[in-house]
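Let me begin by presenting the structure, written as C-alpha cells, before commenting on it.
The values are calculated or read from the model by the stated rules, or taken from the named source; none is laboratory data. The model shown is predicted, which means the values in this text are computed figures rather than measured ones. No Cβ is skipped: glycine too gets one built from the backbone with ideal geometry, and neighbour counts run over all protein chains shown. With ligands, DNA and RNA removed, areas are computed over all heavy atoms of the protein, side chains included. Shrake-Rupley method; radii C 1.70, N 1.55, O 1.52, S 1.80 Å.
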Amino acid sequence: MEDKAAQKIILSGIKPTGQLTIGNLIGAMNNFVKLQHDYDTLYMVADLHALTVPQEPKELRHKTLSIIAQYIAVGLDPEKNDLFIQSHVTGHTELSWILGCLTGLGDLSRMTQFKDKSSKPGANINAGLFTYPVLMASDILLYNADYVPVGEDQKQHVELTRDIAMKFNFRYSDTFTIPEPIIPKTGARIMDLQNPLSKMGKSDSGESGRIALIDDPVMVSKRIRSAVTDSGSEIIYSDSDEKAGIRNLLTIYTNLTDKSVPEIEKMYEGRGYGDFKKDLADIVVEKLRPIKEKHDELMNNKDYLESVLKNGASNAQKKAWKVLSKVYRKVGLVQTGR
Ligand code: AQP
C-alpha cells in the first residue's frame, strides 16, 4: 500500500435522520467501502446536519450510534478509516463560521435540496436548513479532502464547496484543496419503490417506498414484491417515465449482484415482473441479512463502538486542527496555540 502521507484524502458522511436505506448503500456506502483500501479515508455521522429538522434527543443518539454500527457492518474497517461523529470534532462548526462569511445568500437560495425541503407543506424553514451547505463545505474543506463519495443529490453541494474553496484561496492565497465528487455510474439515485419518480429518502419516503438496511427480512421481501411497476410485462431498461419503476428495480439488481443490466434483461426474457421481483426480493434479503446481524451484534457492544469513535475523533481532530489553524492565521485571527 502507498505511504499514508502520499495518499489522497476522502471525506464523506451521512446524517442520522431516519434509517439508512439501500439508496444510501448503493449511492454512497458501497463507494466508501471500495475507497478505504487506497485512500486516507474519513467517514463521519453528520449529527449536526440532522438538527436542521426537529429530532427526539434520545432517538438521535440511538440513530447516530446505529449508523456507526452500520458503517462497520457494511465493511468499513475501523483500523483503516477514521470513523467519527461530526460533533466530536469542534473544527466543523468553527470553520463553518468563516466559510459562511464568504458565501452569498443567492448561492444558498439556489440549492435544490433547500428549495425541495423548504417547499414541503408545514416545513420548518430554519436558518440551519438554509446554511446546511456551508457546514457541509466545512466538513470537506476541514480535512482538505480530494474526493467526496456521494449520491447524485449531493453533487450540487460539492460544487458549492468547490466555489467557496476557490473564493477563499483567491482572497487569502492557496489554502484549500478543490474537492471532486465521486458519484457511482449507476445507482447514484435510487428511487422510492412506491413513487419511482422521487428519490428514496431516509425520512421523506413512506415506509413502503423504502428499504432500510436493518429492516426485518419479511418486510424487505414484501416491499420489493409490491414495488410499483407499470402495466407492461417486459423487463427492459428504458429512460421513459412510464418505465421508472422497473428501471429502478433493475438498477438495484445490477448494483447488488455482479450482473450487468443487459445480462439481467436476457435472464428474464419472456418472464414476467412477478418472477423478477421475487428473485430481486431474495437478493436484497440475502444482501442485507449479514449487515443487520453485524449491526445488531455491534449495538450490543457499546464499549467497542465508543472506543472506535474516540479513536476516530482523536485522529480527525488532529488533522482538522492543522487546516483550521492555517485558516485562522490567514484570515487574521490572533493565534496563541491550542
Ligand atoms: N436514494 C438515494 N440514492 C442514491 N444515493 C442516495 N443518498 C441518499 N439517498 C440516496 C446518498 O447517501 C448519502 C447520505 O445522505 P444523507 O442522508 O446524509 O443526505 P440526503 O441526501 O439528504 O439523504 P436523505 O435520505 O434524503 O435524507 P433525509 O430524507 O433524512 O433528508 C449522500 O451521499 C446521498 O447522496
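Table for the structure above
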quantity: Stretch gain in nm, segment Arg171-Cys101, where the contour uses 0.36 nm per residue and the Cα spacing is subtracted; calculated: 24.0 nm
quantity: Segments 319-325, 13-19, 59-65, 170-176 sorted - mean Cβ within 10 Å per residue, highest first; calculated: 13-19, 319-325, 59-65, 170-176
quantity: Fraction of accessible area attributable to carbon and sulfur, the range 207-296 (%, probe 1.4 Å); calculated: 48 percent
quantity: Under 5 Å, built H, 5+ apart or other chain: amide partners of Met191; calculated: Met200
quantity: Asp204 long-range amide H proximity, modeled H, under 5 Å; calculated: none
quantity: Cα pair count fraction exceeding 28 Å, expressed as % - the chain; calculated: 44 percent
quantity: Rounded to 10°, Cα long-axis angle of helix 244-256 versus longest principal axis of the chain; calculated: 70 degrees
quantity: Potential extension, Arg338-Ser240 segment - 0.36 nm per residue separation minus Cα distance; calculated: 29.5 nm
quantity: In range of the label at Glu59: residues from the range 6-25 whose backbone nitrogen is under 15 Å from the point 7 Å along Cα→Cβ; calculated: 16-20
quantity: Residue-normalised accessible area of the range 1-136, expressed per residue, 1.4 Å probe, Å²; calculated: 42 Å²
quantity: Karplus-derived 3J(HN,Hα), 6.51/-1.76/1.60, for each residue of the range 98-110, Hz, glycine and proline x; calculated: 4, 5, x, 6, 10, 9, x, 4, x, 4, 5, 6, 7
quantity: Relative contact order %, the range 1-107, counting alpha carbon pairs below 8 Å whose residues are six or more apart; calculated: 32 percent
quantity: For the range 220-234, 3J(HN,Hα) per residue [Karplus equation, 6.51 cos²θ - 1.76 cosθ + 1.60, θ = phi - 60°, Hz, x = Gly/Pro]; calculated: 4, 4, 4, 5, 5, 5, 9, 4, 5, 10, 9, 7, x, 9, 7
quantity: Rounded to the nearest 20 debye, dipole of the range 207-296 from Cβ charges on Lys, Arg, Asp, Glu; calculated: 240 debye
quantity: Violating pairs (Cα-Cα greater than 23 angstrom) within the set Lys63/Lys199; Lys243/Lys277; Lys199/Lys277; Lys80/Lys155; Lys120/Lys167; Lys80/Lys199; calculated: Lys80/Lys155; Lys120/Lys167; Lys80/Lys199
quantity: Alpha-carbon centroids, the range 121-173 and the range 238-297: separation in whole Å; calculated: 33 Å
quantity: Interchain or long-range residues, amide H under 5 Å from Val148's placed H; calculated: Glu180, Ile182
quantity: Using alpha-carbon coordinates, inclination of helix 273-299 to the longest axis of the chain, degrees; calculated: 40 degrees
quantity: Rounded FRET efficiency, nearest 0.05, which uses the C-beta distance separating Glu207 from Glu269 and R0 of 35 Å; calculated: 0.55
quantity: Derived scalar couplings ³J(HN,Hα) [the range 40-56; Karplus, 6.51 cos²θ - 1.76 cosθ + 1.60; whole Hz; x for Gly, Pro]; calculated: 7, 10, 10, 10, 10, 9, 7, 5, 5, 5, 5, 6, 5, 10, x, 10, 7
quantity: Summed residue charge, Cβ within 11 Å of Leu99's Cβ, Lys/Arg positive, Asp/Glu negative; calculated: -2
quantity: Debye, to nearest 20: dipole size of the range 203-245, +1 on Lys, Arg Cβ, -1 on Asp, Glu Cβ; calculated: 220 debye
quantity: Mean Cα-pair separation over length for the range 216-327, i.e. relative contact order, pairs under 8 Å, 6 or more apart, %; calculated: 27 percent
